[in-house]
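Peer 1: Okay, here's the structure, questions in a sec.
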Amino acid sequence: MALVSLLTLSAFLLLYIFRALDDNSLVSWQWAFVGVDVRPLLLALAVAIAASLALSGVRVPVRLQAAALFGGSFLAAAMLWPIPEVNVDAARYFVQAKSLELHGVGYFLQHWGSEIPAWTDLPLVPFIYGLVFGILGEQRIAIQVVSTSFFCGTVLLTYLIGRTLWNARIGAYAAVLLLAMPYLLTQVPLMLVDVPTMFFLTLAVFTTIKAVRCGGGWLMAAAVAITMAALCKYTNWLMLSVVPVIFLTHLDGGTRSTARRAGAVCLALGLLVGAVVLWKGEVLAGQIALLLSYQVPALGGWSESLISTFLFQTHPFVAAAALWSLYLAVKRRDLKFAVVAWLLVLVVAFEAPRIRYILMIFPMLALMAAYGLEGLGNARLGRHLVACTAAAMLVTAIFVYLPFLQGTSARNIQKAGAYLDSIAAQQVDVFVQPQPGSIVNPAVSVPLLDLFTDKRVVLRSWGTAPADPKSLETSPLRFTWELPAPRFLTSGANTPTSAAAVAVLSGRRGQALPDVVARRIAGYRLTREFAQSDRAFRYQTLVRIYEPQ
């Protein structure tokens, strides 16, 4: 046990020393550890490892494991809720969700992909977010509760897959190891589609396994789950190639019965897919054409290394255990192992360039690692390894990633929204200033400001032309210029309200105001400025609030 604890500390120190190898585009150790005093961090890590040693001696009854995993993962993820919306992609999903909230389900189903711009997004997750807004109110905390529930649901499904394929120990190990992936934890609080996408893919895997084993109602459940996974994100279409792998690995349970059940799933799936094609086939075809002409050729320029993904953004013990599991599975001739290994093989074979595109395979990676750790044959050692691995990366996520992301300029939008809720004005007129040093259209941050305030937000300027149009052709931020301004932000833009507050979004402190803004704030006073900036990202969002004198 002492050796495991020492190795955990040593692994952390090695990662810190070689942090220059981490090229993650959001929470690279190169950036996140700038200005961090490692000594108190090591103390926190030592305390976490000691707690892990104590917890590894506790055996949770099988009947309580699912509840303990769900509750524990929820508490861990909730500690990261203060992270601001650091990814401007969230603006797209907010616009789609708010459109449903304002106009209803029927409008969304009819106009998604036309009046409601969709870019290359699929409709399921924005649809869910819109329902959340409609039921619980347009509050970020509501989205965070739902997104965290998706994460915890993934933890639970990972446990159930491991228990179904092998035993409860592998399932429990894998579920806990999802907490040893700090990048994943940073995505849980955000209004993105990646965590729900991971949930629905994991749900599709679990229900398909149950369908080929048990038949009955699981057949339709599998078809529905596969369809929902396919409606989350186009990357899932490739990942759903695991479904025939599940069919093939269960042929030993009876070729006829397996073939019959697989056929039933495929038939139901065909009907559901046909309905989706009839509904929005033309929109989907246009999105696929855009992906093939723009995103696929551009992937090489958006890359992050596998070293970053599997050594820094997941714990190296997870990668080592996953590699060991390959040897064990071959030695045991365990065909069921192909179910969890298939997606990792795809990622390596296609050299997946960015961690966001493969986030949905992390439950399978955790299952591979759990399989390897269970193969050690020492339950107490396995529990301690799992606990130490999760503890080390929880410390990293909470004490390094969280403060780092809170220190970005995205925090200004969050603070500005809270301040606007405290003033008397019921409307906020928003002006955006160009940022020559960034390729982002700064107007994309206005929907995010709308997310963080209950006041009516009116966009007065949608941004100028990009400084370098050619660079946009293969940029993941191209959508910020090509999507139109949301109607709910521009309605009433030609009827200024003298009692409205004015918010100006700029890229640097002291940026001169254009004449149109100077005239608009005549008779106004600057009441608050949110000017926190960072050196990690080119795109900065500083906010100045003006109110009538």
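The values are calculated or read from the model by the stated rules, or taken from the named source; none is laboratory data. All values reported here derive from a predicted model rather than from experimental measurement. Virtual Cβ from ideal backbone geometry, glycine too; neighbours counted across all protein chains shown.
Peer 1: Any residue in the range 462-476 that is out of contact with any Ser or Thr (no Cβ under 8 Å at 6 or more places or on another chain) and either modelled with pLDDT of 95 or more or among the acidic types (D, E) (or both)?
Peer 2: yes
Peer 1: Are any of the residues in the range 363-375 over 27 Å from C232 (Cα atoms), out of contact with any strand residue (DSSP E or B) (no Cβ under 7 Å at 6 or more places or on another chain), surrounded by fewer than 24 Cβ atoms within 10 Å (Cβ to Cβ) and of a type in the set (D, E, K, R)?
Peer 2: no
Peer 1: Please find, among K233, K210, the residue that is of a type in the set (D, E, K, R), under 29 Å from the mean Cα position of the chain (by Cα), modelled with pLDDT of 95 or more and surrounded by fewer than 22 Cβ atoms within 10 Å (Cβ to Cβ).
Peer 2: Working: K233 fails: surrounded by fewer than 22 Cβ atoms within 10 Å (Cβ to Cβ).
Result of the check over K233, K210: K210.
Peer 1: Residues L109, L122: which one is outside any helix (DSSP H, G or I) and of a type in the set (A, V, I, L, M)?
Peer 2: Details: L109 fails: outside any helix (DSSP H, G or I).
Result: L122 is the single residue among L109, L122 that is outside any helix (DSSP H, G or I) and of a type in the set (A, V, I, L, M).
Peer 1: Only residues in the range 110-133 that are outside the structural domain of L292 (by TED's automatic domain parsing) and without any contact (Cβ under 8 Å) to a residue 60 or more places away in the chain count as the first member; pair them with residues that are of a type in the set (D, E) and in a helix (DSSP H, G or I), Cβ under 9 angstrom, at least 6 apart or cross-chain, and list the lot.
Peer 2: So the pair list comes out as G130/E101; L131/E101; V132/E101; F133/E101.
Peer 1: Is it the case, given these coordinates, that F200 is in contact with a Cys (Cβ under 7 Å, 6 or more places away or on another chain) and among the hydrophobic types (A, V, I, L, M, F, W, C)? Write out each step before concluding.
Peer 2: On the way: in contact with a Cys (Cβ under 7 Å, 6 or more places away or on another chain): yes; among the hydrophobic types (A, V, I, L, M, F, W, C): yes.
Taking the combined requirement at face value, the residue satisfies it.
Peer 1: Now a separate question. Does A211 count as in contact (Cβ under 8 Å) with a residue 12 or more places away in the chain, over 16 Å from A66 (Cα atoms), in a helix (DSSP H, G or I) and in contact with a Leu (Cβ under 6 Å, 6 or more places away or on another chain)?
Peer 2: Numbers: in contact (Cβ under 8 Å) with a residue 12 or more places away in the chain: yes; over 16 Å from A66 (Cα atoms): yes; in a helix (DSSP H, G or I): yes; in contact with a Leu (Cβ under 6 Å, 6 or more places away or on another chain): yes.
So A211 passes the test.
Peer 1: Which pairs turn up if I take residues in the range 238-256 that are assigned by TED's automatic domain parsing to the domain that holds L346 and under 16 Å from C214 (Cβ atoms) and look for partners that are part of a loop (DSSP other than H, G, I, E, B) and charged (D, E, K, R) with beta carbon separation below 6 Å, at least 6 apart in sequence or on another chain?
Peer 2: T249/K336
Peer 1: Against the condition under 12 Å from A503 (Cβ atoms), in a helix (DSSP H, G or I) and over 23 Å from the mean Cα position of the chain (by Cα), how does Y371 come out, does it pass?
Peer 2: Values: under 12 Å from A503 (Cβ atoms): no; in a helix (DSSP H, G or I): yes; over 23 Å from the mean Cα position of the chain (by Cα): yes.
It is false that Y371 is under 12 Å from A503 (Cβ atoms), in a helix (DSSP H, G or I) and over 23 Å from the mean Cα position of the chain (by Cα).
Peer 1: Being buried (at least 18 other Cβ atoms within 10 Å of the Cβ) and touching a helix residue (DSSP H, G or I) at 6+ places or on another chain (Cβ under 6 Å) is the filter here; which residues of the range 125-139 pass it?
Peer 2: V125, P126, Y129, G130, V132, F133
Peer 1: Follow-up. Can you say whether V205 is over 20 Å from A68 (Cα atoms) and surrounded by 24 or more Cβ atoms within 10 Å (Cβ to Cβ), as far as the supplied structure shows?
Peer 2: Values: over 20 Å from A68 (Cα atoms): yes; surrounded by 24 or more Cβ atoms within 10 Å (Cβ to Cβ): yes.
Taking the combined requirement at face value, the residue satisfies it.
Peer 1: In the range 357-364, is there at least one residue being of a type outside the set (A, V, I, L, M, F, W, C) and at pLDDT below 95? Before you say what the answer is, go through the steps one by one.
Peer 2: From the range 357-364, those of a type outside the set (A, V, I, L, M, F, W, C) are 357, 363; that's our starting set.
Now restrict to residues that are at pLDDT below 95: 357.
Looking through the range 357-364, at least one residue is of a type outside the set (A, V, I, L, M, F, W, C) and at pLDDT below 95.
Peer 1: Picking from L278, L292, L272, which residue would you name as being at pLDDT below 95 and part of a helix (DSSP H, G or I)?
Peer 2: On the way: L278 fails: at pLDDT below 95; L272 fails: at pLDDT below 95.
Going through L278, L292, L272 in turn, the sole match is L292.
Peer 1: What number of residues in the range 226-245 are not in a helix (DSSP H, G or I) and not aromatic (F, W, Y)? Step through it out loud before you land on a result.
Peer 2: First, pick out the residues of the range 226-245 that are not in a helix (DSSP H, G or I): 231-234, 240-241.
Then drop every residue that is not not aromatic (F, W, Y), which leaves 231-233, 240-241.
Residues flagged as not in a helix (DSSP H, G or I) and not aromatic (F, W, Y) within the range 226-245 amount to 5.
Peer 1: Please specify each residue of the range 391-447 satisfying the condition of being closer than 20 Å to R538 by Cβ, out of contact with any helix residue (DSSP H, G or I) (no Cβ under 8 Å at 6 or more places or on another chain), modelled with pLDDT of 95 or more and polar (S, T, N, Q).
Peer 2: Passing the criteria: Q406, T408, S409, N412.
Peer 1: Next up: If you check L344, L284, which single one turns out to be under 26 Å from the mean Cα position of the chain (by Cα) and farther than 30 Å from Q110 by Cα?
Peer 2: On inspection, the qualifying residue turns out to be L344.
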